[in-house]
Amino acid sequence: MSFPFPFARALLGSLILATAPAVAVQADDGRLTLVEALSRVSADNPRLAAGERSVRAADALREQAGLRPLPMLDVSLENFGGTGPLGGFDSAEATVQASQVIERGGKRAGRVALADREHAAADAAWRADLLEARAVTAATFVKVLAATERLELARAQHRLAEEAVADAVARVRAGAASAADEARAKVALALTGSALARDEAALNAARTELAARWGGEPAEVAAVSGALSTPTDLPEPAALLERLAAHPRLAWRRAEIEGRRAGLKLEQARSFGDITVGAGVRFFRDGRDTALVAGFSVPLPVRGINQGNIRAARETLAGAERTAEADERDLRVAFGAAWGELTAARAAAVRLREEALPAAEQAHDLLRRAYERGEVALLEVLDVRRTLAGVRREIVDAEAAAATALVSVDALTDASFPLTQKLISAR
């Protein structure tokens, strides 16, 4: 089903938001939500605006296809400018005749049908582009969340490194530690400072990328609402697979196939020669006498006049059908890959949270207390602290990978991205 412009984009956006889960468009604290980001890209993405123009152009061509051939007016002058009695204009005879082409074979109906199908295909292509733009926006939103959490970890690690330097300096002055401990603490501080700078740059880049999806500025995404977590309570993959048939890309391919069929019928209709009929008045040379004239013309079917175009239309139709089959297989493969990435990333996040993180936290606490009692060197504390920070960062990476895979699953099964919205607002 196609929507007339200029209301199509607003109506489609309303329908998508109406079917979305009950998540606020804008957070109470003014942070950008995923729903708002998706709404903005639906309304202001430059590539989508170009696709909208293509749909409008197809609508104009649909109007043009229904027009009939214009009548022709033929004015001819004979028997003048010759020799002898035919010299000058005294012997001239004039004929004024109107003619009209009568299309045969259903050409006009065929043009209208083809234009309708091409309009539907352009609309379906725009919808496919819309879904792709929303999917990229959702994935970039997840990237901003992940970059934000990585930056928070880097800041915490940098604060701990600063405290370690201050503690080492105090211990060296008190004679309770060697200068090597102070040097090691300062090296750790420099490393955490470098990591902090990289994570700040990564977050700024992610914000810039997200705002660019709708032609905005990074300041519009200074803060986003939501947090990463481990996906739980996912639907069965078989239930999600059933929704692939409604994917906009397949709707686009189906519209293309119907358009190719309409094109084949039009080329077949063009095999019928059109008839031109005409009638008029002839004015004789004495200026007083007139007579009616009438006639018709039709092409002689001595050979097929459109066989090549018909054969080309058949091949194009067959190619469109094969492309639709290939796209359906590609979507199933993409779903399988996304689901596999989702389950693998979720399993990794669960193992890290339930096994690696508690062990790393316990080791850190034990060594920190032992260091405070003077039982272990600062080097051991710094080492276990790096291990703990690495585990926490790997958890963020695993949950970001799971959320990105979930975006891909949503993009294949539901344009409102319900699973992604539920995940990032879960805590």
Exercise for the section: Quick one: go through the range 134-173 and flag any residue whose amide nitrogen is under 15 Å from the point 7 Å out along the Cα-to-Cβ line of residue 187. Expected result: 165
Exercise for the section: Based on the mean of other Cβ atoms within 10 Å per residue, sort peptides 213-223, 150-160 so the most packed one is first. Expected result: 150-160, 213-223
Handout entry: Within straight-line cross-link reach of residue 186, aspartates and glutamates at Cα separation under 13 Å, skipping those fewer than 8 residues along the same chain
Key = 162, 163, 167
Problem - the chain - Rg (one decimal) and Dmax (whole number), Cα, Å - result: 36.8, 136
Practice task
Pull out the extension gain between residue 212 and residue 315, defined as 0.36 nm times the separation in residues minus the alpha carbon to alpha carbon distance; nm, one decimal.
Solution key: 33.0 nm
Exercise for the section: Taking a cut-off of 27 Å between Cα atoms, list the lysines near residue 265, but don't count ones fewer than 8 places away on the same chain. Expected result: 107
Fill in the blank from the handout: Descending packing, highest mean Cβ count within 10 Å first, for 33-43, 391-401 is 33-43, 391-401
Handout entry: Förster radius 51 Å - calculated FRET efficiency between residue 291 and residue 57 (Cβ-Cβ, nearest 0.05)
Key = 0.55
Completion exercise
Rounded to the angstrom and largest first, Cα extents along the principal axes for the range 231-282 equal 89, 20, 11
Handout entry: Mean projected area (nm²) of the alpha-carbon convex hull when the range 185-229 is viewed from all directions
Key = 4.3 nm²
Practice task
Taking a cut-off of 23 Å between Cα atoms, list the lysines near residue 143, but don't count ones fewer than 8 places away on the same chain.
Solution key: 422
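Every read-out reported here was derived from the displayed coordinates using simple, explicitly stated rules and does not represent laboratory data. Just so it is clear, the structure is predicted and the values come from calculations on it, not from any experiment. With ideal geometry, Cβ positions are generated from the backbone for all residues, glycine too; neighbour counts draw on all protein chains shown.
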